[in-house]
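*Asks:* One structure, pasted below without further comment.
Nothing in this text is a laboratory measurement; each read-out follows from the coordinates by a stated rule. The structure displayed is predicted, hence computed values, not measured ones. Methodologically, a virtual Cβ is constructed for each residue, glycine included, from the backbone with ideal geometry; neighbour enumeration extends over all protein chains shown.
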Amino acid sequence: MTQVITPELRRWIVDQVVAGHTPETVLQSMCTSGWQEDVALDALETTLAQHLAEHGVNPDTVAATSPDPVLSVPEPDLSGAPGLIDLGDRQVSVLTTLARPRVVVFGGLLSNEECDGLIAAARPRMARSLTVETQTGGEAVNADRTSDGMFFRRGETELIDRIEQRIARLVRWPLHNGEGLQVLNYQPGAQYKPHYDYFDPAAAGTATILKRGGQRVGTLVMYLNTPTQGGATTFPDVGLAVAAQRGNAVFFSYDRPHPTTQTLHGGAPVLAGEKWVATKWLREGEFV
Ligand code: PD2
Ligand code: ZN
């Protein structure tokens with residue numbers, strides 16, 4: 001009997017693994033439901049390799065990392081399900097929370113003046129975005145990110161220092177574990193294809209990158225303007241889209257550098273108007 005690998009089967013396999021089931025368990029389920037073991041194994045391997053390649057992940061990552069939680073992560077204090085969090089200099093609203101992937105959407109993290117101040121300071125320094133290149137440990141232009149970008153140094157200006165201190169209080173994570181703020185500008189048509197923000201443990205350049213503060217364990221994307229159309233931050237594994245609204249922010253954390261965190265995310269194409277964001281990446285240890 002020939003067994004056909006349908007698109008539905010592929011989707012089911014990916015869903016099982018993304019939900020945290022090991023490939024061995026998925027194989028067992030397939031065999032229990034009548035698949036020949038060698039055909040099932042082939043379908044599983046082909047499907048997962050294809051899925052990982054589509055998302056730019058080295059398949060060795062899956063074998064190289066443990067399924068157990070390994071890292072502590074930043075986390076806002078949401079005990080008592082507050083509608084507002086008082087950060088001393090500003091009250092921030094909690095708009096949406098999701099347990100897995102861990103996602104929290106905040107309202108009013110930045111004032112309009114702070115958003116405009118960041119854009120004005122970043123604008124003269126914008127250049128085609130580079131991403132950290134895990135193959136080499138350096139930086140490279142990435143075709144998956146069609147925005148322009150720049151980095152501020154941590155504490156570079158009074159405005160940046162104030163915002164960084166506020167973020168540290170919001171997610172209860174040391175200021176010194178944060179990378180410098182990155183500002184991105186997307187023109188119509190620009191996007192950031194789905195990716196993971198952690199560094200691929202199996203990539204050759206990762207050891208070098210990790211010397212500066214360890215893994216990334218959390219991301220805060222702050223929206224500095226409201227695009228006319230498009231530009232949401234999307235989480236394809238769970239079908240979530242966070243609208244870009246000036247002053248709001250989306251936070252997500254990842255307790256291991258692994259796709260089971262379901263933190264695959266992207267910036268949807270801007271359809272009309274432009275989009276400005278500032279991203280704060282949080283490391284395990286002090287970022288130097
Ligand atoms: O601009 C965004 O929405 C976005 C999406 C995905 C930003 C990032 N990733 C990032 O800065 O890592
Ligand atoms: Zn990202």
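*Asks:* I'd like to compare 212-223, 113-124: which one has the highest average count of other Cβ atoms within 10 Å, and what's the full order after that?
*Replies:* 212-223, 113-124
*Asks:* Positive end of the dipole of the range 163-219, charges at C-beta (+1 Lys, Arg; -1 Asp, Glu), about the Cα centre: which of Ile167, Leu184, Thr206 has its Cα farthest in that direction?
*Replies:* In the range 163-219, that residue is Ile167.
*Asks:* Still on this model: What does the charge count near Glu164 come to, summing +1 for each Lys or Arg and -1 for each Asp or Glu among other residues with Cβ under 9 Å from its Cβ?
*Replies:* With Lys, Arg at +1 and Asp, Glu at -1, the net is +3.
*Asks:* Please give the charge dipole size of the range 144-288, origin at the Cα centre, charges +1 on K and R Cβ atoms and -1 on D and E Cβ atoms. Round to the nearest 20 debye.
*Replies:* About 220 debye.
*Asks:* Just rank Ser147, Ser111, fewest to most, by other beta-carbon atoms within 10 angstrom.
*Replies:* Ser111, Ser147
*Asks:* Which whole-Hz couplings ³J(HN,Hα) result when phi for each residue of the range 270-283 is put into the Karplus expression 6.51 cos²θ - 1.76 cosθ + 1.60, θ = phi - 60°, listed in order with x for Gly and Pro?
*Replies:* 7, 9, 8, x, 10, 9, 10, 10, 10, 10, 10, 9, 10, 9
*Asks:* Express in nm, to one decimal, how much length is gained between Lys193 and Ala241 on full extension, taking 0.36 nm for each residue of separation and deducting their alpha carbon distance.
*Replies:* Fully extending the segment from Lys193 to Ala241 adds 15.9 nm.
*Asks:* List the residues whose amide H sits under 5 Å from the amide H of Val217, counting only those 5 or more places along or on another chain, with H placed 1.01 Å from N in the peptide plane.
*Replies:* Leu282, Arg283, Glu284
*Asks:* While we're on this one: Distances longer than 27 Å among the Cα atoms of the range 156-282: what percent of all pairs is that?
*Replies:* Of all Cα-Cα distances in the range 156-282, 20 percent exceed 27 Å.
*Asks:* Then there is this: Search the structure for amide H atoms under 5 Å from the amide H of Arg102, placed 1.01 Å from N in the peptide plane, and list their residues when 5 or more places away or on another chain.
*Replies:* HN-HN under 5 Å from Arg102: Ser253.
*Asks:* Under a point spin-label approximation (7 Å from Cα along Cα-to-Cβ), what is the Arg11-Arg153 distance to one decimal in nm?
*Replies:* With each label point 7 Å from Cα toward Cβ, the separation is 5.1 nm.
*Asks:* Still on this structure, I have one more. With r defined as the distance between the Cβ atoms of Asn112 and Gln91 and R0 fixed at 22 Å, what FRET efficiency is calculated, to the nearest 0.05?
*Replies:* Plugging the Cβ-Cβ distance into 1/(1 + (r/R0)^6) gives 0.90.
*Asks:* Express in nm, to one decimal, how much length is gained between Gln50 and Gln165 on full extension, taking 0.36 nm for each residue of separation and deducting their alpha carbon distance.
*Replies:* Going from the current span to full extension adds 37.2 nm.
*Asks:* Could you rank the peptides 183-193, 148-158 by their average count of other C-beta atoms within 10 Å per residue, with the highest value first?
*Replies:* Averaged packing, sorted descending, gives the order 183-193, 148-158.
*Asks:* Can you sort Ile5, Ile85 so the residue with the fewest Cβ neighbours within 10 Å comes first?
*Replies:* Fewest to most other Cβ atoms nearby, the residues stand as Ile5, Ile85.
*Asks:* Any idea what the relative contact order of the range 231-288 is, in percent, if you count C-alpha pairs under 8 Å spaced at least 6 apart?
*Replies:* Computed over the range 231-288, the figure is 40 percent.
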